[in-house]
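Note sheet for the following structure.
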Amino acid sequence: MGRRTYFGSVGRLALLATVALLPTACNMTPDYKRPQQDMPGTYRNPLPDPSPDLPRPLSEWWKTFGSPELDALVDEALANNRDIKAATQRIIQAEAQAGSSASSFLPSITFSASKSTDSPQGGQGTTITGNTNRTHRLQTIGMAASYELDLWGKLASAEASSLATALANVHDRETLAITMVSDLVSTYLQYLESLDREAVARQNIANMKTMHAAVRERVRLGESSELELAQQRNVLAQGEATIPPLSLQRERAFNKIATLLGRAPSRLTLTGKTLNDLKIPEVVPGLPSDLLLRRPDIKKAEANLIAANANVGVARAKMLPSFTLTGGRGWASQVLDYIASPASIYWTVAGSLAATVFDNGKTEADIAYAKARFEELLETYQQAILASLRDVEDALASIRLEGELEVAQKEVLLASLDAYRLSSEAFRLGMVDYLNVLETQRTRFQAEDAKVQSRFGRMSAVVALYKALGGGMERPEEPAAEEQPKAASASPVETVPPNATEPAKAVAPVEAESRVVPAVAEDTPRAAVEAQPSPPVLTPAASYYTDAN
């Protein structure tokens with residue numbers, strides 16, 4: 001009875017001591033505050049002011065190209081890409097480590113059972129004077145508990161660091177997914193571009209063969225020289241030499257698509273034939289710079305910063321004493337039959353205080369390392385924001401300038417068609433030598449090829465913008481009306497929720513897109529090319545928003 005009373009008293013004292021100590025506990029982790037970043041109020045290459053009924057693009061931005069095949073490829077890649085699957089396993093690992101850190105907040109309880117047999121001192125069959133030769137047996141069954149009081153926030157800081165690291169792995173997978181999707185879309189566009197360029201090259205080769213036959217007939221009639229025929233043969237050979245590099249580009253793009261899908265190239269079939277079957281997505285103007293803070297790579301950088309800040313607290317707490325409570329209760333008896341009797345019950349309770357007295361500067365070095373690591377990741381976080389601004393600026397500049405380039409390339413194509421037609425007619429009449437025809441023929445082919453590349457450039461610029469914005473431009477939640485960013489212009493920009501179904505007014509409408517001329521026949525009239533509408537030229541606009549922060 002006395003034992004139980006004593007045990008109860010000690011238990012209550014230990015509990016009271018713990019409760020008394022808890023209010024004095026303090027967390028050694030520095031308070032974390034998100035670093036302030038001076039976000040610009042406008043971009044150097046903004047898009048024109050938006051229409052009031054322009055909806056926000058979806059996060060599934062690749063669907064704006066209007067290609068069911070591309071949509072299916074992206075869905076398959078997101079499900080089967082090996083790199084994304086590996087990133088998922090890294091998340092599981094980090095979550096498991098976070099769970100391991102969280103387990104330190106509760107006592108650890110162990111169960112034990114043992115049976116031991118001891119022979120007398122001196123070995124079997126020997127005795128010490130005054131002792132009898134007896135073998136001692138002992139059976140024990142019991143449970144033990146151990147609990148470390150988190151007086152200085154060491155355990156809490158370790159858990160916070162583990163959780164932040166797990167979150168960083170989540171954002172890392174998001175970054176990988178965005179990069180993979182952007183790479184897949186760009187590669188698919190490159191595949192279609194190579195098909196278009198190859199079609200242009202083959203059509204021009206056909207035109208060159210027609211011209212070669214005409215020159216050969218003129219040579220037979222004595223109206224042209226063998227030199228002119230050799231020159232046309234050389235031009236034809238040069239045209240045919242452009243096919244293998246374009247075919248190689250197509251094959252490499254095809255194989256890369258298969259790899260991104262997690263497939264063998266021999267098991268992939270693509271039905272897309274031309275860039276003309278795709279729309280050039282509309283881009284929402286007035287991009288607030290705070291959208292960049294939702295990029296997963298920036299979120300990952302901040303999560304790593306939070307983890308490093310928590311690790312500073314862990315390093316600091318190691319300088320202070322740690323207090324651990326241990327206790328146990330069980331049964332012990334020399335005779336197994338009596339182990340369950342009340343007389344066999346035993347218990348233990350203890351409290352231990354441990355503090356480092358001397359470690360030759362190790363703790364101070366750990367603190368210095370943790371602080372320097374935090375400062376390093378702080379610079380990394382701020383650099384990530386600057387890099388994101390650069391990515392958006394590059395993409396916006398590309399969208400504007402690629403649009404201007406396509407307008408210019410259309411004029412170049414029109415002029416080259418005129419020059420080729422006039423030089424061919426003049427050559428037939430004997431007014432110019434054949435060198436003029438050869439030059440205009442080469443210029444025409446280059447203009448048609450450049451026209452395909454300019455369309456590819458416009459589409460690639462849109463892909464780059466979505467990638468720079470972290471995969472889309474809608475916010476996770478629509479802010480309240482009073483929190484909406486205000487436009488710098490006199491008329492405010494009205495936003496439409498992401499699920500709006502009203503028809504959009506595009507910055508570069510599909511109806512106004514110029515079509516690539518994959519194969520311009522010999523007798524293509526100039527008016528046929530002129531009839532193709534040009535994309536609008538995107539010119540810089542004034543600042544149209546203020547920083548939401």
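A few notes on this one:
- Packing rank of 244-257, 409-422, 163-176, where each peptide gets the mean count of other beta carbons within 10 Å, highest leading: 163-176, 409-422, 244-257
- Peptides 263-270, 401-408 ordered by packing proxy, namely the average of other Cβ atoms within 10 Å per residue, highest first: 401-408, 263-270.
- Put simply, the amide H of residue 348, placed in the peptide plane, has neighbours under 5 Å in 328, 329, leaving out anything fewer than 5 places away on its chain.
- Directionally averaged projected area (region 210-308, Cα convex hull): 14.3 nm².
- In Hz, Karplus ³J(HN,Hα) per residue of region 431-441 (6.51, -1.76, 1.60; θ = phi - 60°; x = Gly, Pro): 8, 9, 7, 6, 4, 5, 5, 4, 5, 5, 5
- Each residue of region 198-205 was assigned a 3J(HN,Hα) from its phi angle through the Karplus curve 6.51 cos²θ - 1.76 cosθ + 1.60 (θ = phi - 60°); the sequence is 5, 5, 4, 5, 5, 5, 5, 5 Hz, with glycine and proline shown as x.
- Table column - 3J(HN,Hα) (Hz), region 407-424, Karplus curve with 6.51, -1.76, 1.60, x for Gly and Pro: 4, 5, 5, 5, 5, 4, 5, 4, 5, 5, 5, 4, 5, 5, 5, 5, 5, 5
- One way to sum up the overall shape of region 138-271 is the equivalent ellipsoid from its Cα gyration tensor, whose semi-axes run 72, 16, 10 Å, largest first.
We did not get these values from a lab; they are worked out from the coordinates using the rules stated. Note that this is a predicted model, so its numbers are computed, not measured. So basically every Cβ, Gly included, is an ideal-geometry build from the backbone, and we count neighbours across all protein chains shown.
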